[in-house]
Amino acid sequence: MIALGEEEAEVLDDYIRHKRVDVTDEHGRNPLITTKNGRIGKVTVRRITYQYTRPCVVAGECPHDENPEDCDAAMNYDKASECPDSVSAHPFRRAAITHHLNQDVPEPMVSDRMDVSPNVIDEHYDAEDEEGKMERRWDYLNNV
């Protein structure tokens, strides 16, 4: 179960009402995020992430002097990852974990919510350097 705020719930309600494809997966379940082919797959999420994090989409221009009208990364869904500045899905997960930790959410709660062990969080997902981690601990302990 996931607790959502009012704004997040409204976004999901709008998606379900206007965009969600009403499909059932191979196990008879009704997935939340769907495509015309059923439950959205990890590869599709990855491709969409690459596609929409390209600078020409985010900022409207290309820092590599490419024309989005004929750039392979812009024109071909399967080649969006070839843009040197597109971003994979992993940094979003790392940013979310780091954000929660910086908001003083206790690591066991972050670990449980993100389904990742505290050791893996420390080694791979917490973007803070050692000084930043020390400052986070200091701030937390001085505000408890």
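Database remark: amide H of Thr34 closer than 5 angstrom to the amide H of Val21, Ile40 (H placed geometrically; neighbours at sequence offset of 5 or more, or on other chains; Pro and chain starts carry no H). Here the residues Met75, Met114, Met1, ranked from fewest to most Cβ neighbours within 10 Å of their Cβ, fall in the order Met1, Met75, Met114.
What ratio of Cα Rg to 2.2 N^0.38 Å holds for the stretch 90-142?
Details: Rg = 10.3 Å, N = 53, 2.2 N^0.38 = 9.9 Å.
Dividing the Cα Rg of the stretch 90-142 by 2.2 N^0.38 Å gives 1.03.
Each of Gln51, Gly28, Ala74 was scored by the projection of its Cα onto the charge dipole of the stretch 19-82, and the greatest displacement toward the positive side belongs to Gly28; charges sit on the C-beta of Lys, Arg, Asp and Glu. Take the alpha-carbon centre of the stretch 82-140, take the same for the stretch 33-57, and report the distance between them in whole Å. Value for the Cα centre distance between the two parts: 23 Å.
Just want the ordering: Thr35, Thr49, from fewest to most Cβ atoms lying within 10 Å of their own Cβ.
On the way: Thr35 13, Thr49 18.
In increasing order of surrounding Cβ atoms, one gets Thr35, Thr49.
Under the convention that each Lys and Arg Cβ holds +1 and each Asp and Glu Cβ holds -1, the size of the dipole of the chain around its Cα centre is about 760 debye.
Would you compute, from DSSP H runs of 4+ residues alone, the mean residue ellipticity of the chain at 222 nm, taking -39500 (n - 2.57) per run and dividing by the full residue count, rounded to the nearest 500? If you can, show how the numbers build up before the last one.
Values: 7 runs with 66 residues, N = 144.
It comes out at -13000 deg cm²/dmol, rounded to the nearest 500.
Quarter the surface of the alpha carbon convex hull of the chain and you get the mean projected area, 12.3 square nanometres. Net charge in the neighbourhood of Asn30 (other residues with Cβ under 11 Å of its Cβ; Lys, Arg +1, Asp, Glu -1) is +1.
Karplus-based coupling profile of the stretch 125-132, in residue order and whole Hz: 10, 6, 6, 5, 7, 4, 5, x, with θ = phi - 60° in 6.51 cos²θ - 1.76 cosθ + 1.60 and x standing for Gly or Pro.
Mind sorting Cys56, Cys62, Cys83 by how few other Cβ atoms lie within 10 Å of their own Cβ, fewest first? Walk me through the numbers before you get to the answer.
Details: Cys56 20, Cys62 17, Cys83 24.
Lowest count first: Cys62, Cys56, Cys83.
So what's Rg/Rh here for the stretch 1-75, counting alpha carbon atoms and using the Kirkwood radius for Rh? Walk me through the numbers before you get to the answer.
Numbers: Rg = 16.6 Å, Rh = 15.1 Å.
Rg/Rh: 1.10.
Every number in this text was worked out from the coordinates using simple rules, so none of it is lab data. Computed from a predicted structure; not experimentally measured. Counting neighbours? That spans all protein chains shown, and the Cβs are built from the backbone with ideal geometry, glycine included.
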